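Asker: This is the structure, below, for whatever I ask next.
The values are calculated or read from the model by the stated rules, or taken from the named source; none is laboratory data. The structure displayed is predicted, hence computed values, not measured ones. Note that we place each Cβ from the backbone using ideal geometry, even for glycine, and neighbour counts take in every protein chain shown.
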Amino acid sequence: MDVTAFGELLVDFTCSGISTQGNPLYEANPGGAPCNVLAMLQNLGKETAFIGKIGQDSFGHMLETAVREQGISTAGICYDTKVHTTLAFVQTASDGERDFSFYRNPGADMKLRKEEIKGELLRNTKIFHFGSLSMTHPDVEEATCYAVKEAKKNGALISFDPNLRPPLWENMETAKEKISFGLSQCDILKISEEEIFFMTGEADVDLGVKKILEEYKIPFLCATMGKHGSKAFFEGKTAEGRAFLQENTIETTGAGDTFCGCMLNFILENGIHGRTEKEVSGMLEFANAAASIITTRKGALRVMPKRKEIEEVLKTK
């Protein structure tokens with residue numbers, strides 16, 4: 001595999017209008033950040049696999065079908081017969097920003113045990129990708145740490161996206177501790193400006209990144225800044241990529257995952273060492289353009305942009 005991802009696979013319920021009785025209607029979109037990243041990579045021609053747990057229920061079967069339809073290997077998916085699939089209800093503000101309500105106490109993704117992980121998926125991947133939500137509870141945290149250790153031992157690059165979701169943590173000090181573990185393990189980091197502030201107390205991205213790099217020595221770090229674009233920090237160099245703002249933005253769900261998929265695709269094709277500022281700036285703009293497209297669509301996993309669509313945005317903006 002080019003990339004194997006580990007973590008949550010869930011249903012994002014997004015508002016889809018009002019019923020004749022005046023009630024909100026919700027659309028069930030397959031989601032979960034790690035799998036969204038893989039869907040983007042599949043669209044760019046890469047081979048991917050997902051490791052995670054879903055409920056033995058209608059939502060779980062729907063999710064496995066959706067993952068398989070994208071071409072992602074489902075060999076690492078297992079079912080829980082007692083705990084239901086995790087659900088998330090997404091409320092979207094007028095500017096596209098989101099508020100999440102999770103039904104995950106517990107959710108099947110929290111119940112994955114390390115004995116249920118297929119080791120061959122960790123031994124045969126170029127990049128192993130994970131986020132912080134697989135460290136919110138003891139069973140899946142143990143599985144996460146095991147998976148990171150095994151993938152690293154077998155030569156994979158480790159990719160991490162904090163994907164901070166405050167409602168899912170008992171307290172934010174624990175969240176900070178678990179995100180610190182991810183930062184300590186990764187070779188590649190995708191982190192938002194909000195997460196930089198959370199981890200460092202620095203509102204200035206450059207100052208925050210400096211603190212992170214001084215402590216964790218991460219070889220390749222990309223910071224996303226919404227409408228202000230993105231930056232990359234690598235081998236003492238910095239590159240910037242402009243934002244692509246869409247007039248018909250609906251919501252921002254999946255934008256960071258789309259960016260992350262494009263970033264990992266670049267690393268698969270070029271490596272993380274010896275890159276120039278110009279090369280990385282081009283990657284950032286490609287990733288920003290892709291992320292702008294997903295903001296015009298509901299959901300993420302099933303509607304990731306194609307390479308041709310991204311290239312068209314780059315031409316017109």
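Asker: Quick one: is T253 among the hydroxyl-bearing types (S, T, Y), under 21 Å from L44 (Cβ atoms) and touching a helix residue (DSSP H, G or I) at 6+ places or on another chain (Cβ under 6 Å)?
Answerer: no
Asker: Considering each residue of segment 269-287, count those that are within 17 Å of D161 (Cα to Cα) and modelled with pLDDT of 95 or more, and give that number.
Answerer: Total meeting the criteria: 2.
Asker: Answer yes if at least one residue in segment 245-256 is surrounded by 20 or more Cβ atoms within 10 Å (Cβ to Cβ), in a strand (DSSP E or B) and in contact (Cβ under 8 Å) with a residue 24 or more places away in the chain, and no otherwise.
Answerer: The answer is no; no qualifying residue exists.
Asker: Just a yes or no: is a residue in segment 80-102 within 21 Å of L221 (Cβ to Cβ), among the hydroxyl-bearing types (S, T, Y) and crowded, with 21+ Cβ neighbours inside 10 Å?
Answerer: No, the conditions are met nowhere in segment 80-102.
Asker: Exactly one of (1) modelled with pLDDT of 95 or more; (2) of a type in the set (G, A, S); (3) crowded, with 17+ Cβ neighbours inside 10 Å is unmet by G226. Its number?
Answerer: (1)
Asker: Still on this structure: Between E277, E269, E240, which is surrounded by fewer than 15 Cβ atoms within 10 Å (Cβ to Cβ) and in contact with a strand residue (DSSP E or B) (Cβ under 8 Å, 6 or more places away or on another chain)?
Answerer: When all the criteria are applied, what remains is E277.
Asker: Restricted to segment 14-50, and to residues that are over 16 Å from D257 (Cβ atoms) and among the β-branched types (V, I, T), which residue is surrounded by the most Cβ atoms within 10 Å (Cβ to Cβ)?
Answerer: Filtering segment 14-50 for residues that are over 16 Å from D257 (Cβ atoms) and among the β-branched types (V, I, T), the one surrounded by the most Cβ atoms within 10 Å (Cβ to Cβ) comes out as I18.
Asker: Okay, next question. Which number in (1) small (G, A, S); (2) modelled with pLDDT of 90 or more; (3) outside any strand (DSSP E or B); (4) out of contact with any Pro (no Cβ under 6 Å at 6 or more places or on another chain) marks the one condition that A290 misses?
Answerer: Checking A290 against (1) small (G, A, S); (2) modelled with pLDDT of 90 or more; (3) outside any strand (DSSP E or B); (4) out of contact with any Pro (no Cβ under 6 Å at 6 or more places or on another chain), the one that fails is (4).
Asker: Among the listed residues A93, A49, A88, identify the single one that is touching a strand residue (DSSP E or B) at 6+ places or on another chain (Cβ under 6 Å) and modelled with pLDDT under 95. Steps first, please.
Answerer: Values: A93 fails: touching a strand residue (DSSP E or B) at 6+ places or on another chain (Cβ under 6 Å); A49 fails: modelled with pLDDT under 95.
The match here is A88.
Asker: So K53 fits all but one of (1) surrounded by fewer than 19 Cβ atoms within 10 Å (Cβ to Cβ); (2) of a type in the set (D, E, K, R); (3) under 17 Å from the mean Cα position of the chain (by Cα); what number is the exception?
Answerer: Just one mismatch for K53, condition (1).
Asker: Mind listing just one residue for me: the one in segment 166-217 that is of a type in the set (V, I, T) and under 22 Å from T258 (Cα atoms) and, of those, surrounded by the most Cβ atoms within 10 Å (Cβ to Cβ)?
Answerer: Looking at the filtered set, the residue picked out is I191.
Asker: Condition first: within 18 Å of the chain's Cα centre (by Cα), charged (D, E, K, R) and assigned to a helix (DSSP H, G or I). Now tell me which residues in segment 150-208 satisfy that.
Answerer: Answer for segment 150-208, where residues must be within 18 Å of the chain's Cα centre (by Cα), charged (D, E, K, R) and assigned to a helix (DSSP H, G or I): K176, K178, E193, E194, E195.
Asker: Shifting gears a bit: Within segment 304-317, how many residues turn out to be at pLDDT below 90 and not in a helix (DSSP H, G or I)?
Answerer: 1
Asker: Starting from segment 261-280, keep only residues that are over 23 Å from E47 (Cβ atoms), then list their pairs with residues that are buried (at least 23 other Cβ atoms within 10 Å of the Cβ) and modelled with pLDDT of 95 or more whose Cβ atoms are within a distance under 7 Å, requiring at least 6 positions of separation or different chains.
Answerer: Close Cβ pairs (under 7 Å, with a partner that is buried (at least 23 other Cβ atoms within 10 Å of the Cβ) and modelled with pLDDT of 95 or more) amount to V280/A232.
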